[in-house]
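Q: Have a look at this one before I ask anything.
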Amino acid sequence: MTTSKKTITRDEWEKRLNDVKIRKEDMNKLVMNFLVTEGYVEAAEKFRMESGTEPDIDLATISERMAVKKAVQCGNVEDAIEKVNDLNPEILDTNPQLFFHLQQQRLIELIRNGKIEEALEFAQEELAPRGEENQSFLEELERTVSLLAFEDVSNCPVGELLDISQRLKTASEVNAAILTSQSHEKDPKLPSLLKMLLWAQNQLDEKFDYPRINDLSSATLEDPAV
Amino acid sequence: MPSATAVNKHRPSELLSRLASDDPEVKVRALREVKNQIIGNPTKKLSFLKLGAVPAVAGILADSIDEVTNNNNCNSNTSNILVQSAAALGSFACGFDAGVQAVLDAGAFPNLLRLLANPNEKVADAGARALRMIYQSKLAPKYDFLQQKNMEFLISLLNSEKENVSGLGASIITRSCETSLEQKALFDAGILRKLNSLLGGGSLSQRDASLESLATIFRNNPEVISKFAGPEIGRPLSSIIDLVKDRHPRTRLLACMCLIVIRNASPHFLQDIGIKSKIIHILLELLDDPSQVGDEAPFAFSSLIAQKEDLQKLALEANAIDKLYHHLKKGSLHPRRYEGILLALADMCSKLESCRSKFLSLQVLNLVADALTDHNAGVRTAACVCLKNVTRSIKNLSAGYFMNEIIVIPLVQLFPDPSTSVQVAALGAVSNIMVDFTTRKSIFVQCGGMKQLVQLAKSMESAVRSNALWALKNFVFQADNRLKEGVFSELTASLLSSLISDPEPSVQEQALALVRNLVDGCINLIELVFAEDGLILGAIGRQLQCASKAEIGIQGMYALCNVASGNEFHKEAVIQQLFTQMGDKNQSFVIKFLQSNDCQLRTATVWTIVNLTCPSSPGAPGRLEKLRNAGIISQIKNMVNDPCVDVKLRVRTVLGQSMAFGDN
């Protein structure tokens, strides 16, 4: 037994949509916010020139931040650390978790490159003291070092550490920390808007049949079932 | 990728020797490497520190600054050296007190200040940052706000657009502003207006820094607060209140803390129940935050509700105890957070029975008992304080709810704790539990608790001595004779008499109260005060002669009163004590006590006289005569209309008894 839901036709829906006013400048700001937060410097520059929208952050700092992110993504963690420290020495000094993850990534890269002796020395000198101070760091350290125990690293339980996704995770963490230190939101606004849209549609689904957006990337309205 | 030999290149001692190079490029690279090695790494900071890195870097900073001054110009190499050396010093000082001390000892502070004026933005920024790190530490040099020059400099810092520089200004205030005079000076210089503008128009870090500085200036200063919040400056409190709902957790916390400071200094602000509930709600919510913000939230909560029943009630209605319990259950808590939650629970249970009932009904007690064995002393102390407050529940004490192994044994195990604060807190909890009207006090003796209490009564720390005696006092209260005799034989007359004569008044008071409870109720126990040639009785008499506060007099007189309730021999001994100690003083302390403002002291003294002159004793007339000759009876006659009912009734008894012997 279905409760009868009211149906809204496409015409009706589109009419209602047309009545809602959105400002161009708001959309521009959303786009700029996305480009800036994700670090698309050149696109942000171009967009600024073409639309006249001012970014809420100095574009020069974006390049610096992107250089750090890229370095981590390529596995050049030591380089990334030096760049972060040039940008803002406080970030790693006041963020033990981030610092640990960067050091952990360094260890992973050493293991990946087969530099076993160096890896062990590094783990002992740089990471072990952190593990002593903090239980969860110790556990993560042990997981990382256990990579050395396996012949076939791609199939071992901690194999995901060697995956590129681990680098991306660390890169994202560093990116967020830099943004926060610059008093900028670490997440762009656009995803939140889309989530809100999906949530609102789910709420509306309980009472109405109406043209839904089912594919966010195309944002086309799909007719309600008749 | 660095090879094995390259790793050796970075050895600290090798790096330090490169610091001393004459080649500026080598120097800069070495500085940068030192900086990169120590940032985020407390172990490295320490090892570089021990090798004398800080004076070396400070020396380089000093030399480069001299160069800039002498040449009146700052080339890029020198700028780099300044930036890197400042950054390195800043990192040494970051969250590391030994580093702060080393930086200050190396004389780097004035040089860092000079960097603020450098035209190169990066150099000035590096200097400001390093100074900010120093000012986050308790070791930072005291800033003299009362000097005009200094105030102007501070204002220039706050007016800067650069975050690090204005942040430095705020840090200086937060760290150094202590007295109300300084608070007023800052207000008069218009600093509060500036900070308030940063609340609305500044960046995130400027807002946070301003909130901390404002709280520092407001602390315990109702005058400054009312001037700030007065109508002529708009509605400034609203700018702080708005930040309570800010999206950033740290801002919410700091805004709450600022409002709490305001409310604690001036309770007529923030009366609105809505805002009080909101703050409570937000602080409880912040417990969910995994960072340091969540660690500090329970402490802010405690500062809000401590000693305030109305707020505790409001918090109870907001399910504070449930929420705190929920977080406690999670386990693996950071020690600071653990301590904070326990103290918050302690504050909730400090006054209201409804809170204690809620606490006990949720079975939080077991979790708190677990915390007694934590390796962090702060956590152990907090757990004890929590137990102490919960055991104020008379209903549950009477039911003997707390006198069991789960609670008592871990508490007793804390008696020999290396930390004094843990000992004192454990003793506090035990003292309450001792007020037990069931017959299970033997548990305490069996687990060695009583013997340990006696040991603690000999501690070097006066707080430990007095609290141990407090616990013993409660332990023997209306206890059976066997228990009392056991305690006395463990204590010994000589120890007890020396405690009565202890240099600390609080110890004297508790020792006398202990004697009072020991001899109360049974005539055989009165003999205790006569042991070893009347050591204890003599000590009581001497202490009463020079009692430094009323409470000592009260306990001592009640002790004598109890002794005087015994037989003829006992009464004679007491009256002798009342007069023997006079010495050159013409007046017995009895008259002094009878004339005291403290009604309890007057009551205790009159009671003693009642016992000394009770007509059924053959020696009563003789004692009455002595009292009369010393002017004590006439003093008592003057007290017929004493404002205190207890005193009045006993005075009438004495006078009635004295009339029974004729002469009035």
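The values are calculated or read from the model by the stated rules, or taken from the named source; none is laboratory data. Since this is a predicted model, take the numbers as computed values, not measurements. As a convention, Cβ positions derive from the backbone with ideal geometry for all residues, glycine included, and neighbour counts pool all protein chains shown. In case anyone asks, the SASA skips ligands and DNA or RNA and just uses the protein heavy atoms, side chains included. Shrake-Rupley method; radii C 1.70, N 1.55, O 1.52, S 1.80 Å.
Q: If amide hydrogens are placed 1.01 Å from N in the peptide plane, which non-local residues have theirs closer than 5 Å to the one on A:ARG212?
A: For A:ARG212, the qualifying residues are A:GLU222.
Q: Separate question: If I take every Cα pair under 8 Å that is 6 or more residues apart in chain B, average their sequence separation and divide by the length, what percent do I get for the relative contact order? Show your work: numbers first, answer last.
A: Working: 902 pairs, mean separation 31.5, N = 664.
Relative contact order of chain B: 5 percent.
Q: Right, here's the next one. Report relative contact order for the range B:512-664 in percent, whole number only (criteria: Cα-Cα under 8 Å, sequence separation at least 6).
A: 20 percent
Q: Rounding to the nearest 20 debye, state how big the charge dipole of the protein assembly as shown is about its Cα centre with +1 on each Lys and Arg Cβ and -1 on each Asp and Glu Cβ.
A: Dipole of the protein assembly as shown, to the nearest 20 debye: 2880 debye.
Q: Further question: For A:LYS21, give me every one of the lysines with a C-alpha distance below 17 angstrom, ignoring sequence neighbours fewer than eight places off in its own chain.
A: Correct list for A:LYS21: A:LYS29.
Q: List every residue whose amide H lies under 5 Å from the amide H of B:THR492, counting only residues 5 or more places away in sequence or on a different chain, with H placed 1.01 Å from N in the peptide plane.
A: none
Q: Okay, moving on. So what are the ³J(HN,Hα) numbers for the range A:197-206, from phi and the Karplus equation (6.51, -1.76, 1.60; θ = phi - 60°), rounded to whole Hz, Gly and Pro as x?
A: With coefficients 6.51, -1.76 and 1.60, one gets 4, 4, 4, 4, 4, 4, 5, 5, 3, 5 Hz.
Q: Among A:GLU45, A:GLU185, A:GLU206, determine the one that fluctuates most according to a GNM of chain A built with springs between C-alpha atoms less than 10 Å apart.
A: Judging by the Gaussian network model, the answer is A:GLU206.
Q: Then there is this: So how much accessible area does B:TRP470 have, in Å² to the nearest 10, using a 1.4 Å probe?
A: Per-residue accessible area (B:TRP470): approximately 110 Å².
Q: Once you keep just the Cα pairs under 8 angstrom separated by 6 or more residues, what percentage relative contact order results for the range B:248-391? Mind dumping the intermediate values first?
A: Numbers: 163 pairs, mean separation 30.8, N = 144.
About 21 percent, as a whole number.
Q: For A:GLU117 and A:CYS156, FRET efficiency with R0 = 22 Å and r from the beta-carbon atoms, rounded to 0.05? Can you show the working numbers first?
A: Details: r = 20 Å, r/R0 = 0.93.
Taking R0 as 22 Å, the efficiency between A:CYS156 and A:GLU117 is 0.60.
Q: Given the options B:ILE305, B:GLY274, B:SER398, identify the residue whose Cα lies farthest towards the positive end of the charge dipole of chain B (+1 on Cβ of Lys, Arg; -1 on Cβ of Asp, Glu).
A: B:GLY274
Q: Suppose R0 equals 35 Å. What FRET efficiency, 1/(1 + (r/R0)^6) with r the Cβ-Cβ distance, do A:CYS74 and B:GLU285 give to the nearest 0.05?
A: 0.30
Q: For the range B:171-231, what class follows from the C-alpha gyration tensor (a ≥ b ≥ c being the square roots of its eigenvalues): rounded when a/c is under 1.5, otherwise prolate if a/b is larger than b/c, else oblate?
A: Verdict is oblate for the range B:171-231.
Q: Further question: Among the lysines, select those whose C-alpha is under 28 Å from the C-alpha of B:LYS473, and discard any that sit fewer than 8 residues away in the same chain.
A: Within the straight-line limit of under 28 Å, B:LYS473 reaches these lysines: B:LYS351, B:LYS388, B:LYS395, B:LYS441, B:LYS451, B:LYS458, B:LYS484, B:LYS549, B:LYS571, B:LYS592.
Q: Kirkwood Rh, Cα Rg: Rg to Rh for chain B?
A: Looking at chain B, the ratio lands at 1.10.
Q: Let me ask something additional. Taking only protein heavy atoms into account and a 1.4 Å probe, give the accessible area per residue of chain B in Å².
A: 42 Å²
Q: Here's something else I'd like to know. Two decimals, Cα atoms only, Kirkwood Rh: what is Rg/Rh over the range B:212-300?
A: 0.97
Q: Let me ask you something else. From the cross-link list A:LYS186/B:LYS35; B:LYS162/B:LYS184; A:LYS83/B:LYS122, which pairs have alpha carbons spaced over 20 Å apart?
A: Values: A:LYS186/B:LYS35 27 Å; B:LYS162/B:LYS184 26 Å; A:LYS83/B:LYS122 15 Å.
A:LYS186/B:LYS35; B:LYS162/B:LYS184, as the Cα separations exceed 20 Å there.
Q: OK, next. Can you tell me the Rg and Dmax of chain A, counting just the alpha carbons, in angstroms?
A: In Å, with Rg to one decimal and Dmax whole: 23.9, 71.
Q: Under the classification rounded if a/c is under 1.5, otherwise prolate if a/b is larger than b/c and oblate if not, where does the range B:324-478 fall, given a ≥ b ≥ c as square roots of the Cα gyration tensor eigenvalues? The partial results should precede the final answer.
A: Values: a/c = 1.86, a/b = 1.23, b/c = 1.51.
Cα axes put the range B:324-478 in the oblate bin.
Q: How long is the protein assembly as shown along each principal axis, judged by its Cα atoms, biggest number first, in Å?
A: 116, 87, 70
Q: What shape does the range B:272-368 have by the C-alpha gyration tensor, where a ≥ b ≥ c are the square roots of the eigenvalues, rounded means a/c under 1.5, and otherwise prolate means a/b greater than b/c and oblate the rest?
A: oblate
Q: What figure, in Å² to the nearest 10, do you get for the accessible area of A:MET49 with a 1.4 Å probe and non-protein molecules left out?
A: Its heavy atoms expose roughly 130 Å² to the probe.
Q: Also, quick follow-up: Where does each of B:ASP642, B:ASP97 land when they are ordered by accessible area, with a 1.4 Å probe and the largest first?
A: On the way: B:ASP642 15, B:ASP97 80 Å².
Of B:ASP642, B:ASP97, the descending order of accessible area is B:ASP97, B:ASP642.
Q: Something else now. With a cut-off of at most 14 other beta carbons within 10 Å, and DSSP calling the residue loop, which trypsin sites (Lys or Arg not before Pro) in the range B:556-657 qualify? Please list them.
A: Those satisfying the criteria are B:LYS585.
Q: Further question: Starting from 0.36 nm per residue, how many nanometres of slack lie between B:LYS227 and B:GLN446 once their C-alpha separation is accounted for?
A: 72.7 nm
Q: Taking the full set of protein chains and a 1.4 angstrom probe, give the accessible area of A:LYS207 in square angstrom, rounded to the nearest 10.
A: 140 Å²
Q: Now for a separate question. Would you mind giving the three semi-axes, in whole Å and largest first, of the ellipsoid equivalent to the range B:78-137 according to its Cα gyration tensor? Don't skip to the answer; put the middle values down first.
A: Details: eigenvalues 69, 20, 19 Å².
Its equivalent ellipsoid spans semi-axes of 19, 10, 10 Å.
Q: How large is the charge dipole for chain A, taken about the Cα centre, if only the Cβ atoms of Lys, Arg (+1) and Asp, Glu (-1) carry charge, to the nearest 20 debye?
A: Here the size comes out at about 1280 debye.
Q: Between 0 and 90 degrees, rounded to the nearest ten: what's the tilt of helix B:620-629 against the longest Cα principal axis of chain B?
A: Between helix and principal axis, roughly 60 degrees.
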